[in-house]
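Colleague: Pasting a structure here, questions to come.
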Amino acid sequence: MAIRLKTPEQIERMRLAGRIVWEVLNKLGEMAAPGITTEELDRQAHELCRLRGGQCLFKGVPGRGLAGPFPGSICVSLNEQVVHGIPSKRTLIEGDIVSLDFGVRLDGWCADAARTIIVGRASPTAHRLVEATREALDVAVRNCRLGGKWSAAARAMQNHVEQAGFSVVREFVGHGIGQEMHEDPKVPNFVSRELLERDIVLKEGMVLAVEPMVNVGSPAVACADDGWTVVTKDGMPSAHFEHTIAVTAGGADVLTDGR
């Protein structure tokens, strides 16, 4: 792994990008209501980012296989969709579980965050899913301690999710971030033999995009026919939260919380 440590000055530049991410996600959360399309959310995100002088990270990312470049400025994933949902003319309805993922590059530095909201009224299970996923990210923040091992954070996240009765997605994990959206290291939200054999010691200047993805049912996922959207194999709902977090001498510094 070639982990690129950031200076305090570079971390502050990433925080500026993070403020745009935070503002956009707040706005999208306010807009998400029955009757609005996910395309409308996408347009709003693109325009707000442009007005703030940023570049939307996701738009144009090359696809794999036969999938073309990602067409949206945001990823918007509904219900059984886990991540990488493509904005469309689909209209939000009461009870939808909506995961919103957005990234920004500003003056050469990136930030990335996600949150899941519920449109109107939904089942108690939906509310518990969203809350458990949000709490898993909070657990990760508390465990991003200088000199600690990532496996401790991953174990704490996994335990929290599973004790709540849900499962952690294995195929997709968090990542380093800086001048590029995806940098080393990969930071899983669960413990595996591979992680224990090649654990990551948290060092000052590491900046990580930590993003638990949690399913109501099985952790198994598949890719939809569009080549981008990841869905649960059992059709049960999923939720996703993410922050860009810097490891500092004083502990975890969240760069996408609007400060």
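The values are calculated or read from the model by the stated rules, or taken from the named source; none is laboratory data. Predicted model only: the values in this text are computed from it and were never measured. Ideal geometry is used to build each Cβ from the backbone, glycine not excepted, and the neighbour counts take in all protein chains shown.
Colleague: Can you pull out every residue in region 46-65 that is in contact (Cβ under 8 Å) with a residue 12 or more places away in the chain, farther than 15 Å from H84 by Cβ and not basic (K, R)?
Modeller: Residues satisfying the conditions are H46, L48, C49, G53, G54, Q55.
Colleague: Restricting to region 114-129, give me the number of residues that are more than 12 Å from G29 (Cβ to Cβ) and either in contact (Cβ under 8 Å) with a residue 24 or more places away in the chain or buried (at least 23 other Cβ atoms within 10 Å of the Cβ) (or both).
Modeller: We begin by selecting, within region 114-129, every residue more than 12 Å from G29 (Cβ to Cβ); these are 120-129.
Next, from what is left, pick out any that are either in contact (Cβ under 8 Å) with a residue 24 or more places away in the chain or buried (at least 23 other Cβ atoms within 10 Å of the Cβ) (or both): 120-123, 125-126, 128-129.
Residues that pass the stated criteria total 8.
Colleague: Now for a separate question. Of the residues V201, V247, V254, only one is crowded, with 23+ Cβ neighbours inside 10 Å and hydrophobic (A, V, I, L, M, F, W, C); which? I'd like the intermediate steps shown before the answer.
Modeller: Details: V201 fails: crowded, with 23+ Cβ neighbours inside 10 Å; V254 fails: crowded, with 23+ Cβ neighbours inside 10 Å.
Answer to the selection: V247.
Colleague: If you scan region 204-220, which residues turn out to be in contact with a strand residue (DSSP E or B) (Cβ under 6 Å, 6 or more places away or on another chain) and among the polar types (S, T, N, Q)?
Modeller: N215
Colleague: Could you tell me whether V139 is assigned to a strand (DSSP E or B), out of contact with any Cys (no Cβ under 9 Å at 6 or more places or on another chain) and either buried (at least 17 other Cβ atoms within 10 Å of the Cβ) or in contact (Cβ under 8 Å) with a residue 40 or more places away in the chain (or both)?
Modeller: Details: assigned to a strand (DSSP E or B): no; out of contact with any Cys (no Cβ under 9 Å at 6 or more places or on another chain): yes; either buried (at least 17 other Cβ atoms within 10 Å of the Cβ) or in contact (Cβ under 8 Å) with a residue 40 or more places away in the chain (or both): yes.
No.
Colleague: Looking only at region 99-106, decide whether some residue is free of Cβ contacts under 8 Å to residues at least 12 places away in the same chain and over 18 Å from the mean Cα position of the chain (by Cα).
Modeller: Our first condition is that a residue be free of Cβ contacts under 8 Å to residues at least 12 places away in the same chain; within region 99-106, this holds for none.
No, the conditions are met nowhere in region 99-106.
Colleague: Suppose we keep only residues that are surrounded by fewer than 24 Cβ atoms within 10 Å (Cβ to Cβ), small (G, A, S) and touching an Asp or Glu at 6+ places or on another chain (Cβ under 6 Å) within region 207-244. Which one would you say is farthest from V191 (Cα to Cα)?
Modeller: Per the criteria, the residue is G235.
Colleague: So for region 72-91 (the condition being of a type outside the set (G, A, S), surrounded by 17 or more Cβ atoms within 10 Å (Cβ to Cβ), farther than 23 Å from P219 by Cβ and in contact (Cβ under 8 Å) with a residue 12 or more places away in the chain), does at least one residue qualify?
Modeller: yes
Colleague: In region 157-198, how many residues are assigned to a loop (DSSP other than H, G, I, E, B) and surrounded by fewer than 23 Cβ atoms within 10 Å (Cβ to Cβ)?
Modeller: From region 157-198, those assigned to a loop (DSSP other than H, G, I, E, B) are 164-166, 169-173, 177-182, 188-192, 198; that's our starting set.
Now narrow it down to the ones that are surrounded by fewer than 23 Cβ atoms within 10 Å (Cβ to Cβ): 164-165, 170-173, 179-182, 190-192, 198.
Here the count works out to 14.
Colleague: Are there strands (runs of 3 or more DSSP E) fully within region 1-109 with at least 1 residues that are of a type in the set (S, T, Y) and closer than 25 Å to M236 by Cβ? List them. Give the derivation first.
Modeller: Details: elements: 75-78, 81-83, 97-106.
In region 1-109, 75-78, 97-106 are the strands (runs of 3 or more DSSP E) which contain 1 or more residues that are of a type in the set (S, T, Y) and closer than 25 Å to M236 by Cβ.
Colleague: Then there's this: Regarding A67, is this residue out of contact with any Leu (no Cβ under 6 Å at 6 or more places or on another chain) and at pLDDT below 95? It would help to see each step written out before you state the result.
Modeller: Working: out of contact with any Leu (no Cβ under 6 Å at 6 or more places or on another chain): yes; at pLDDT below 95: yes.
Yes: the conditions hold for A67.
Yes or no, residue by residue, for (1) at pLDDT 95 or above; (2) assigned to a loop (DSSP other than H, G, I, E, B):
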position: D225; (1), (2): no, yes
position: W228; (1), (2): yes, yes
position: G235; (1), (2): yes, yes
position: T244; (1), (2): yes, no
position: A252; (1), (2): yes, no
